[in-house]
Amino acid sequence: MTLEEMDKKIEFILEMQAQFEANLARSEANINNLRVSVADLAGVVRESIKLSDDRFTRLDDRLTNLAEAQKAANERSARFDQKMMEVAELQKVTGERLNALISVVERHISGPDHAARP
């Protein structure tokens, strides 16, 4: 190998080394940009999770309140049903007593003393 060929090869190696270093510098800059982007994204995700947790807590509270209100409504409905059954029973007794009174009044009105006279 001649001195001139060796100089060309050394020059080529030096150019490749310079290009490699330039590429490496660009890669490092891109990596740093990606780190910043990932850190920003992580912050957004953390904030989103926090908001979701807050919303979930509020939703859970509302669902608990709704379940309690439904339970209270069911209890009132059961008490109402019981009262309605009592009213129906009392109405039945009242109807029987009213029928007995009507029979007494009818017997009294149509008795031998109140017979229709021609």
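The values are calculated or read from the model by the stated rules, or taken from the named source; none is laboratory data. A quick note: this is a predicted structure, and the numbers were derived from the prediction, not measured. In this analysis, Cβ positions are derived from the backbone assuming ideal geometry, glycine residues included, and neighbour counts consider all displayed protein chains.
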All positions within region 73-117 that are at pLDDT 90 or above and among the β-branched types (Val, Ile, Thr): Val87, Val93, Thr94, Ile102, Val104, Val105
Pair list, Cβ under 7 Å, 6 or more apart: region 44-67 residue on the phi > 0 side of the Ramachandran plot and part of a helix (DSSP H, G or I), other residue at pLDDT 80 or above and loosely packed, with under 10 Cβ neighbours inside 10 Å: none
Flag if Phe20 is modelled with pLDDT of 90 or more, part of a helix (DSSP H, G or I) and more than 51 Å from the chain's Cα centre (by Cα): yes
